[in-house]
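> Got a structure for you, written out below as structure tokens; questions coming shortly.
The values are calculated or read from the model by the stated rules, or taken from the named source; none is laboratory data. It should be emphasised that the depicted structure is a prediction, and the values quoted were computed from it without experimental measurement. Cβ placement follows ideal geometry from the backbone for every residue including glycine, while neighbour counts extend to all protein chains displayed.
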Amino acid sequence: MQCFLTKLLCLTLFFMSTPALAETFKIGIVPQFDARKIQKIWGPVIANLESRTGYDLEFIGSKDINEFEVQFTNGVFDIAYMNPYHLIVANQNQGYIPLVRDVGRQLYGVIVAKKDSPINDIGDLAGKKVAFPSPNALGAALIPRAEFENNFNIQVEPIYVKSHSSVYLNVVLGKVSAGGGVQKTLNQQPENIKNKLKIIYKTTKVSPHPIAVHPRLTEVSRQKLVEAILQMSETENGKKLLENIPIKKAGIAVMEDYHSLRNMGLEKFYIK
Amino acid sequence: MKLRFSLISKIFLPFGLAIIILMASAHFISIPNLIEDEKQLSLEQEKIKLSLLSTSIAADVMSLDIATVYSTLDQVLEDSRLWNEIYLVDEEGIVLYPLGTEIPEAKSHIDHSIMIENAHIGKLHLFVDFTIVEERIRNRIFNAELYVLLGLLILFSIVSFIQYFGVLRPIKALGKFAFITSEGNYSGKYAYKVNDEIGDVYKAFTFMNVKLAKREAELKEALSAAKEANLAKSRFLAAMSHEIRTPMTGVLGMADLLSDTEMSQQQKSWVSSILHSGKNLLGILNEILDQSKLDADLVEISPIAVDFRSFMNHSLNIFIPSLKSKGIGFTLDISNDVPKRLEFDDMRVGQVISNILSNAIKFTAIGNIAIKAWGTNFKNETLILHFQVTDTGVGISEEAQSTIFDPFTQADNTTSRRFGGTGLGLSISKRLVELMGGDILVHSILGQGTSFEFSIDTKLAQSKPIQITDKSSHNQWRAERPLKILIVDDYEVNRQLISAMCRKLDHNVILAEDGRMSIEVVEKTDDIDVILMDIRMPILDGLGATEIIRSMDDTNKASIPIIALTADVIPENVKHYLAGGFDRVVPKPIDKSEVFNTINDVLDEKIHIPCGADIKDDSSEENELLEIDNVIEIKNAEAARRLIDKSRVMLQDVEISSISIDLLSKSPQFAELDESFVIQMRDEFEIKMKADGEEIERLRQLLLQPSRPDNVAEKIEFITHSLKGMAPTFCYSLLGHAASKLNVFLKEHKSLEQEDVLHILALSEIICLVSEYKIFDSGGEIGGILYDALRQL
């Protein structure tokens, strides 16, 4: 809280010392990819938003998902792009509220196995090694693991291999019996990997990553940001930039979109 | 072709070869080693890199973050040009990277275990592409080699530059210097002042040049002195001969005059001796004078138009008496291709013919002399005229042939004692012939005879030939009318001689001792018909006096014909005299006939006429003989007579024998006949031959009788006819020849003159001798003499 106050003080001081027009917001991005890739995707988006809103958007980097979680738990970010489960957590801790999400698709996890392996459904995985990117990966780890226990009542030996690609590679190489991923990352794999994999299970669908804001932002600022993003998605160039995030079709997000997640009992598997 | 290596190439070839060998050994031995070393070094480095890579991916492998491992390895492979392939194998032996491959077994590679806290979790296999390393090193070496070569090239250029200017150019200059020196220029400059070995050579060269120049100057001086001395000698000889000739003229003239006076037989004989000896001495003097003039290059060849046959007749005429008296046969054969009129120096050619012919006559005791003339190399208007004089005299040894053309040389030392002469004749002839563009050669066999052959360049005469004055001197002259003659000569004997010569023809003679006196005489005296003027005189010489006379006001006196009398008849001087006002030039010693003929010419009147009574009969006979244009043949029955007599004497000691059967058997007619039959045939022929011989002998005796029977000749003709056919069959070739000759002669001469009888007598005598003494075949030595006799008939 002290930290927050300090930051607030700093922020206040900052506003006092700078022209009124240049309102500054800290923006955080979930480190799903390495920092370079994130910079590459978000740099142009942030620049675009700055010119549309007139705000100064300061990108705050996160070393890994853990740090990101610590950061939003502490309310470091004014604006944050995070996964749906983070939004549940952040909403509970700091009151972050979603503004915009991709309304063109739903997020769900897939369980893949090696094409020539005898494993064909979730029941075959009892007691087997299953690779996941990281414990808190929503679609790829949290939802599947919750459903394994809640819906199928089986226990697996989870192995966290840091990325979706590693999951698929471990499966192809036979290091694990199956792996958890999402449809999108599976589609992005090179052919020689995709060819060797089969999907044995798809999880319940949830709304994808929202762009959320801290409740300290004024309604005007919130509205300005929403409008800027929606206008951006209207332009051809802006649409392309948003697709990289990926937000195929930008739309208004509300907290109700993410209520289903709250009932899945993900807390049990979430590692803080 | 012989290879030429220049000095530069000799200097640089070893150098260049050494460099090539060094570079080649570096390129083919050291550099591959270096590449191998570099490869090893590179391998070590790659091992270190691989180890670092292992460490860096160990955690990812451990945590099965294979995507990161892939990304790292992909990146590493992309970044490293050297690294061809990397394989990652886990502890279970599964190839994790690249996906779905096996490690190639055959290829050599390096590997490194991935360890975490001493636990083996996997292994990296690296395949390094050393071709890049190799290529890199090679490129580097190639560059280095390029720099070395470039450096060497620059070094080479600098050394070349130094060698060229420091060594080669000085040496070339030295060569040029030597060449200039060899051309005789000792003052050539050689600009090389550097104190090195070449400088030393130059110094030696310069020193040598100085010495050479000095030596050549000395030689030139010596040569010039020698030439001067030789010229002085020639001049001295010429002057001396001239000085001697002048008094000789007096001696001979006086003796000539004396011979016309009344004297006892004894006195006439003495005067004749004086004349003979004097003429010999004059001849010798003339030869020495000629030789001296030739030495001093004072002889000029003056070609004139000549009627060649007339020239030959006149040239040979004077020798007829001596030929006759020696009984030597003589033929002149002028080839039809020799044109009638030619242009050459008749005096000089006559002199050469005269020299050779007089030698031929001198050295020929018996036999004959033949002269031939023919032309070759006819071109436009020019030709080469050849003369050949062949005699049957004593001959000249081969040794002597090589020196006979040298001055003062005779065939042998005894020759001069036996035959006299200066030995200058042939030397003069050779030099005259050479001056006329030809050459003279001699062929001779000792004891058999000599042949001289010479040639001259000549051309067809464009102008009409001058009538050759009959040089046969006439002792007796008469004058149609008396003349007034002024004789100018500083030498009293000459004055007397000429005046006596003229007074004898009743001319009025006025004498003057020098040019000045002669002018006084001309001034004082009218009606002088002709002046005979010496050239060299004290006070005023002949030329000066003539000039003054020619410039006199009295035109009659100024136009008096003046004849120069001088021993100085060099063509150049003669021209000078004629230009100076003389009408004619008559050479000394004075020839009466020439003086009188010249006076006739200048006065254009036949005042002096030779007295016809004094012309010898035999000379008119010879003239008749010589009128035959191309061929002259003097048949000498007298000579034959003597040869026959000689052989008759020799035959007295000869044993008579029949011809041998061996010899006869070789004859084709008897070759295959029985021997006894041949003997029979031979004996029969010899009996007939003897009988015929005796019959001819008998008939000869009849011929000698004043009242000889008419049919004697016919009888002889009949006998010779059968003999000429049979004799050669039995190898009596000489008999055959003689019989044939007599037979032909008799057929051609039906009415016999006295001379013909002598001819028949001689021929028949040969036949008698041969048949009596059985002289078969060619008859050996006696046969040779008889053949010579036959040739005279």
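> Could you check residue A:160 against (1) closer than 19 Å to residue A:31 by Cβ; (2) over 17 Å from the mean Cα position of the chain (by Cα); (3) modelled with pLDDT of 95 or more and say which number it fails?
Status for residue A:160: all satisfied but (3).
So that you can scan it fast, the table gives a plain yes or no per residue for (1) away from chain A (no Cβ under 14 Å); (2) surrounded by 19 or more Cβ atoms within 10 Å (Cβ to Cβ):
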{"site": "B:53", "(1), (2)": "yes, yes"}
{"site": "B:77", "(1), (2)": "yes, no"}
{"site": "B:95", "(1), (2)": "no, no"}
{"site": "B:102", "(1), (2)": "no, no"}
{"site": "B:108", "(1), (2)": "yes, no"}
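> While we're on this one: Limited to region A:147-173, what total is found for residues that are more than 7 Å from chain B (Cβ to nearest Cβ), out of contact with any Phe, Trp or Tyr (no Cβ under 6 Å at 6 or more places or on another chain) and not β-branched (Val, Ile, Thr)?
Looking only at that region, the number is 11.
> Can you give me the number of residues within region A:116-131 that are touching a helix residue (DSSP H, G or I) at 6+ places or on another chain (Cβ under 6 Å) and within 13 Å of another protein chain (Cβ to nearest Cβ)?
Here the count works out to 1.
> Quick check on region A:106-113. Is at least one of its residues within 14 Å of chain B (Cβ to nearest Cβ), in a loop (DSSP other than H, G, I, E, B) and within 16 Å of the chain's Cα centre (by Cα)?
no
> While we're here: Within the set of pairs 6 or more residues apart or between chains, which connect a residue that is within 18 Å of residue B:787 (Cα to Cα) inside region B:710-737 to a residue that is among the hydroxyl-bearing types (Ser, Thr, Tyr) and in a helix (DSSP H, G or I) with Cβ atoms less than 6 Å apart?
Short answer, once both residue conditions are applied: B:724/B:740.
> Here is a further query. Only one of (1) touching a Lys or Arg at 6+ places or on another chain (Cβ under 8 Å); (2) basic (Lys, Arg); (3) more than 13 Å from chain B (Cβ to nearest Cβ) fails for residue A:224. Which number is that?
So residue A:224 meets the others, but not (1).
Every residue, every condition in (1) touching a helix residue (DSSP H, G or I) at 6+ places or on another chain (Cβ under 9 Å); (2) assigned to a strand (DSSP E or B), yes or no:
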site	(1), (2)
B:495	no, no
B:498	yes, no
B:502	yes, no
B:505	yes, no
B:510	yes, yes
B:516	yes, no
B:520	no, no
B:523	yes, no
B:527	yes, no
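> So, one more: Given the criteria in contact with a Ser or Thr (Cβ under 9 Å, 6 or more places away or on another chain), under 30 Å from residue B:141 (Cβ atoms) and either without any contact (Cβ under 8 Å) to a residue 12 or more places away in the chain or more than 14 Å from chain A (Cβ to nearest Cβ) (or both), does residue B:49 qualify?
So residue B:49 fits the description; yes.
> Another question, then. Answer yes if at least one residue in region B:394-405 is part of a strand (DSSP E or B) and at pLDDT below 85, and no otherwise.
No; the residues of region B:394-405 include none that is part of a strand (DSSP E or B) and at pLDDT below 85.
> Enumerate the strands (runs of 3 or more DSSP E) found wholly within region B:51-166, keeping only those where 1 or more residues are of a type in the set (Gly, Ala, Ser).
Counting at least 1 such residues, we get B:110-116, B:119-128.
> Also, quick follow-up: Return only the number of the condition from (1) surrounded by 15 or more Cβ atoms within 10 Å (Cβ to Cβ); (2) farther than 27 Å from residue B:15 by Cβ; (3) more than 14 Å from chain A (Cβ to nearest Cβ) that residue B:141 does not satisfy.
Exception for residue B:141: condition (2).
> Here are B:58, B:67: which of them is under 16 Å from residue A:166 (Cβ atoms), surrounded by 16 or more Cβ atoms within 10 Å (Cβ to Cβ) and at pLDDT 90 or above?
Result of the check over B:58, B:67: B:58.
> Are there any helices (runs of 4 or more DSSP H) wholly within region B:694-793 with 1 or more residues that are polar (S, T, N, Q) and either over 25 Å from residue B:659 (Cα atoms) or within 54 Å of the chain's Cα centre (by Cα) (or both), and if so which?
Where helices (runs of 4 or more DSSP H) fall fully within region B:694-793 and carry at least 1 residues being polar (S, T, N, Q) and either over 25 Å from residue B:659 (Cα atoms) or within 54 Å of the chain's Cα centre (by Cα) (or both), they are B:712-726, B:733-748, B:754-773.
> With the checklist (1) out of contact with any strand residue (DSSP E or B) (no Cβ under 9 Å at 6 or more places or on another chain); (2) small (Gly, Ala, Ser); (3) surrounded by 15 or more Cβ atoms within 10 Å (Cβ to Cβ) in hand, flag the one item residue A:126 doesn't pass.
With respect to (1) out of contact with any strand residue (DSSP E or B) (no Cβ under 9 Å at 6 or more places or on another chain); (2) small (Gly, Ala, Ser); (3) surrounded by 15 or more Cβ atoms within 10 Å (Cβ to Cβ), residue A:126 is out only on (3).
Listed here are the residues, each with its yes/no results for (1) outside any helix (DSSP H, G or I); (2) more than 14 Å from chain B (Cβ to nearest Cβ); (3) surrounded by 24 or more Cβ atoms within 10 Å (Cβ to Cβ); (4) without any contact (Cβ under 8 Å) to a residue 40 or more places away in the chain.
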| residue | (1), (2), (3), (4) |
| --- | --- |
| A:142 | no, yes, yes, no |
| A:181 | yes, no, yes, no |
| A:186 | no, no, no, no |
| A:200 | yes, yes, no, no |
| A:212 | yes, yes, yes, no |
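> Still on this structure, please answer the following. When you look at residue A:134, is it surrounded by fewer than 24 Cβ atoms within 10 Å (Cβ to Cβ), within 14 Å of chain B (Cβ to nearest Cβ), outside any loop (DSSP other than H, G, I, E, B) and within 23 Å of the chain's Cα centre (by Cα), yes or no?
no
> List the number of the failed condition for residue B:57; all other conditions in (1) closer than 24 Å to residue A:174 by Cβ; (2) of a type in the set (Val, Ile, Thr); (3) away from chain A (no Cβ under 14 Å) hold.
(3)
> Would you point out which residue out of A:88, A:79, A:60 is surrounded by fewer than 20 Cβ atoms within 10 Å (Cβ to Cβ) and either without any contact (Cβ under 8 Å) to a residue 60 or more places away in the chain or not polar (S, T, N, Q) (or both)?
Of the residues listed, the single one that is surrounded by fewer than 20 Cβ atoms within 10 Å (Cβ to Cβ) and either without any contact (Cβ under 8 Å) to a residue 60 or more places away in the chain or not polar (S, T, N, Q) (or both) is A:60.
> Determine which member of the set A:98, A:84 is in contact with a Leu (Cβ under 9 Å, 6 or more places away or on another chain), farther than 21 Å from residue A:141 by Cα and not basic (Lys, Arg).
Matching residue, one of A:98, A:84: A:98.
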